[in-house]
Structure formats: structure tokens, C-alpha cells
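Structure record follows, encoded as C-alpha cells.
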Amino acid sequence: MTSASRKPAVDVAQPDDATVLALPTASTTALTKDYLERVDQTLREAIGRLVHTWRVELAYSLGPSGPAASPPDILLEHDLPEMLQALNGTGGKRIRPSMAHWGWVACGGSSRADLGQDGGVDGGAADVVRAGAALELLHIFALIHDDVMDESDSRRGQPSVHTLAAQLHLHAGARGDARHFGESIAVLVGDLAHAEADHLVTELPRPMRAIWRLLVIELVHGQSRDLTGSAAGRRDLDHARRVARMKSGRYTVQRPLELGAAAAGAPDVVRDALLTYGEEVGEAFALRDDLLGVWGDPRSTGKPAGDDLISGKPTVIMALAEERLHGSARRVLRRVGTPELSPADVTALQSALAEQGVVEAVEARISEHVRAASAALASVDLDPAGVAGLTGMAHLIAWRDR
């Protein structure tokens, strides 16, 4: 199914072809199939090496002549590397490696890659694969830590890592607080994912490593502002957009795209155009996240309905709610992000926000960002296959349902 045929995440009509450029006929997923298979293979190999180090190389903590270390008696077969392995196996949209790939293609990387008889590649292709795998591992790190901070019980339709570890603690009748144990284990699993991501990046060229460093700092900066904004009850639009830009837009779209462009050796004028595209699509990604965080179907998102209302995230939707809600709805809005917010309150807010045109306002913003992204692609000379792929990715990101 092409992204043009995807149903919007909320019950609002998509813009017609006069509003947003039509998708190319080729499937974005099909065009990235070989690349993503190589990314997945690199991921499996990296996690496999981690499991070997953990299970074999560290088995004899006192040296080869000493006794083997006993396995953990609480986690059983769910030790930290296996938890990481399991989360990687649950799949994902692979947006970040896909953006790196299309940035590389758009800048002419694929046309310069020399595919030999032995399957060897150059032109930056191997670097883009390695960067794609690192991006996925970093994403796993971010998801695990995000679930701990948001106190989310599920991820991709499965118990989150801290929830699973807490359940194992309870099942074993272990000492101490099960919740604290689960959160501590999850932090460590996330740390392992981050460490393995950084290990992959060490073999990338210096310009790509510099982009990676900035990407990680921006991600942490955005998450810190998300936390402080929630705690302070921030509802202003400027703060919401800053958080979305750092935590979602740059980390998901702009910096992965820049990694691909750097691998292809793109000149500054081309890279600047791609960064403009990335900023616009990143904003669309964050806005769709906002809609899914309030109205998303748990069967698709793997998260509870109204999750952002429960946690009180400082999103654009909350900023619009502050402007548009009055009376009883505004009184309910004050309970967002507090223990006093009830399931009935969540339902009431969902209805009030929809009635006040918040869905339509956010959808209009998304469409405008997609239009601006398309204009950025048209401003420079790019590989046509890359333009097709980036156009497809813009639509896929803007109108996804999870």
C-alpha cells in the first residue's frame, strides 16, 4: 500500500492534490527494501556481538580459569541484551534510517556507488548503512528511557522494558521495590543500546560523527525541556514547538537526512536545502505525534489512548487548548498531567478539543509544512530518485497512523 492510500490517524479528510503534491507512483518502502535489509542485518550482528560479549566473554568474571558467573536469578532468560534484542525484534517504522538513505540518494550517493561482483560498495553506501543501524539503536535507547520517564506500561503493543522487569521481580518474590528495580533495569538496557550505537558511529567519517554528536545532544536537550515543561505546566506555543523541533524533528528527520547528505559528500547549498526540507517534515512529524498522542488508536500506536493528556506533555495541541477551551472544558484542562485527571476527563477533553477545531487546525499546519518541504526540494538540483523518495517519506510521516 502506498502512503497516499493510508487513512489519516484521526477522522479528518486529507488535503486534495491541489493542496499537497501527489505522491510518486513508486512505493517508498519498496525503494528502500534492500537498504533496510542491510540495516537490519547490521543491527542483528551488533546485538549478536553484544550478547556474545555478555554471555560468553563476561561469563568468567575471575578469568578463564575461574568458575563461570552464575546467571541472574530474577531476569532468567530476559537478561539485558535479550531485552534489547526482543525490542529490536518487535519492528518499527525505520523512519530515521530511511531518511538517511534518501538524503544520500538525493545528493547523488547511489549514482556514485560502485557495486562490484563481490557486493562491495563505496560512494558512502556502507557508511549510510552503519549510520542507519546506529540511528535505530539510539531510537531504542530513547524509547526505553522515554517509557520510564513517562511511566508508560506498554511499547509497540508489548510491556515496556521497565514493566517487564518489574513483573519478573514480583514473580521471583525478590527483595526491594519492584517498580524501582524495573526502572533501573530499563535504564541499563537503554544505556547498552546507546553504547552500541556510539560504537557503530566510531567507524564513520569525522563529518558524520560531528553530526551524530549534535543529534544526541539535541535529543537529550529536547527531552529535558519536555520534562521541565510538563512539570511547569507550560502551555505556550513557542515552548511546544521548541520541544517538538529538538526532540522529534531534528532527531527523526533533519539530522538523519544530514548524515546521508554528508555520506554522499553533498555541497553546502544542497545540504542547506535538505535541512530546510528536514525542518518542515520534522514539524509535520511532531504535529502528527501530537494528534496520535490524543486521538491515536492504541491498537496501532501501542500506547494508551490520550497518553499525552495523561502525562501533560507540552504539545502544540495543549497550546491550542489553552487558547480555545473555556468553561467546564478549561477546568478539566487544568487537571491534565495530574493524578486528578480521570478517564472520563480524557474523553471529555478529546471531544472538546475536536469541537473547537483543534484537529483541523493541526491538520492544516501539517499540510503547510509538507508544501514547504516540497518547495525546498524543488529549489536545488537533486537526484530524481531521491526527490521521489523524500516526497514519499514526507507523506508517509505526515499521515501515518502510528
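For this structure, a couple of remarks:
- If the convex hull is drawn through the Cα atoms of the stretch 160-261, its volume per residue in Å³: 122
- The listed peptides 171-184, 381-394, ordered by packing as a protection proxy, come out as 381-394, 171-184 (highest mean of other Cβ atoms within 10 Å first).
- One decimal place: the segment ALA375-THR90 gains 99.0 nm when fully extended, by the rule 0.36 nm per residue minus the C-alpha distance.
- Mean Cα-pair separation over length for the stretch 245-367, i.e. relative contact order, pairs under 8 Å, 6 or more apart, %: 24
- Dividing the convex hull volume of the alpha carbon atoms of the chain by its residue count gives 152 Å³ per residue.
- Kirkwood estimate for the stretch 246-402, i.e. one over the average of 1/r between Cα atoms, Å: 16.8
- Peptides 233-241, 255-263 ranked from most to least packed by the mean count of surrounding Cβ atoms within 10 Å: 255-263, 233-241.
- Per residue of the chain, the DSSP helices (runs of n ≥ 4 H) give a summed -39500 (n - 2.57) that works out to -20500 deg cm²/dmol at 222 nm.
- Amide H partners (placed H, <5 Å) of ARG155, local residues excluded: SER160
- Pairwise Lys count, the chain - Cα closer than 17 Å, eight or more residues apart or different chains: 5
- Using the Karplus relation 6.51 cos²θ - 1.76 cosθ + 1.60 with θ = phi - 60°, the per-residue 3J(HN,Hα) values for the stretch 227-237 come to 5, 5, x, 5, 5, 8, x, 5, 10, 7, 5 Hz, with x marking Gly and Pro.
- Simple point charges give the picture: +1 on the Cβ of Lys and Arg, -1 on the Cβ of Asp and Glu, and for the chain a dipole about the Cα centre of about 440 debye.
- Projecting the Cα atoms of THR301, ALA174, ILE317 onto the charge dipole of the chain (Cβ charges, centred on the Cα centre) puts ILE317 farthest toward the positive pole.
The numbers here are math on the coordinates, done by the rules we state, and not lab data. Remember, it's a predicted structure, so these values are computed and weren't measured experimentally. Positions of Cβ are backbone-derived with ideal geometry, glycine not excepted, and every protein chain shown enters the neighbour counts.
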